[in-house]
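Have a look at the structure below, then the notes.
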Amino acid sequence: MLLNKIAEARKTFEEYREIDNQLRQARKVNLFSQSAKTEINKIKGTLGSYHALHQMDNEAFPKKDFSYEVKKLESLLKTGLKTMSRDELIGFSRLFKSLDDDLKMKWTIYAGNKNKDIIGLLESLQNIVQNPQDIRQLITELKTFEKKWPVTPATINRYNDHFDTANKVISEMNASTGVQEFITRVAANQATVEDLTDEVIAWLRTKQLTNKLVIKFK
């Protein structure tokens, strides 16, 4: 009787240990599967960003051949992730991590360079327009796009809309190059008497800004 109970207890313990091992293995597989899905979503985001940027400016973001990687990704999505080892996943995602870092850096530089001049003009104009808070908000939003990542066609469209709005604001001021230079100098407290040309004075009077602009001459 006692031996039977011992045998049953041993069997129960072995069954428990087997079930516990299976649960541990299942958790490992589940964690790997979640990690793999996360990596694949990142890869899809990288490819999507590249496509959006290439469509926007194919000179700044020239065409690259990702046919092999895309086919591999499509195959993984069709067959599932169970056949993929951890090393295979790391190796596959490493290439896209390098591409992602490179694209992100290039987009930040591209947007920053494109924003530079127009933001400088907006910053100068915000001191003399009737709605400076709108100008400040527009500047903030343009700068936000420089750090936006990953990007999609919708992101690019929103950025272009904001950039067009900025151009419209400046265009509606009807400020010539000479007037723009004057406004920039005033904003930087670098204006001189020589900067107050007839063209500038005429523009200030046309825009009824003679009483809104405070000028500190050097």
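Taking the numbered list (1) open to solvent by less than 30 Å² (accessible area, probe 1.4 Å); (2) in a helix (DSSP H, G or I); (3) under 30 Å from L53 (Cβ atoms); (4) of a type outside the set (K, R) in turn, V151 passes all entries but (2). The set of residues in the stretch 109-124 being open to solvent by 40 Å² or more (accessible area, probe 1.4 Å), under 22 Å from Y50 (Cα atoms) and in contact (Cβ under 8 Å) with a residue 12 or more places away in the chain consists of Y110, K114.
Here A191 passes the criteria (1) under 34 Å from the mean Cα position of the chain (by Cα); (2) part of a loop (DSSP other than H, G, I, E, B); (3) small (G, A, S) except the one numbered (1). Being of a type outside the set (S, T, N, Q), at pLDDT 90 or above and open to solvent by 30 Å² or more (accessible area, probe 1.4 Å) is a description that does not apply to Y68. For T210, indicate whether it is polar (S, T, N, Q) and at pLDDT 80 or above. For T210, the condition - polar (S, T, N, Q) and at pLDDT 80 or above - is not met. Would you mind stating whether A52 is modelled with pLDDT of 75 or more and either closer than 22 Å to Y159 by Cβ or more than 23 Å from the chain's Cα centre (by Cα) (or both)? So A52 passes the test. You will find that of D102, D134, the residue that is closer than 21 Å to L47 by Cα, among the charged types (D, E, K, R), open to solvent by less than 90 Å² (accessible area, probe 1.4 Å) and out of contact with any strand residue (DSSP E or B) (no Cβ under 8 Å at 6 or more places or on another chain) is D102 and no other.
When the stretch 158-176 is limited to residues that are in a loop (DSSP other than H, G, I, E, B) and either among the polar types (S, T, N, Q) or over 24 Å from K207 (Cβ atoms) (or both), the one that is least open to solvent (accessible area, probe 1.4 Å) turns out to be S176. Against the list (1) polar (S, T, N, Q); (2) farther than 30 Å from N211 by Cβ; (3) open to solvent by 80 Å² or more (accessible area, probe 1.4 Å); (4) in contact (Cβ under 8 Å) with a residue 24 or more places away in the chain, the condition N127 fails is (2).
The values are calculated or read from the model by the stated rules, or taken from the named source; none is laboratory data. Bear in mind the structure is a predicted one, so any value in this text is a computation, not a measurement. As a convention, Cβ positions derive from the backbone with ideal geometry for all residues, glycine included, and neighbour counts pool all protein chains shown. Side chains are part of the model used for accessible areas, which takes the heavy atoms of the whole protein and leaves out ligands, DNA and RNA. Shrake-Rupley method; radii C 1.70, N 1.55, O 1.52, S 1.80 Å.
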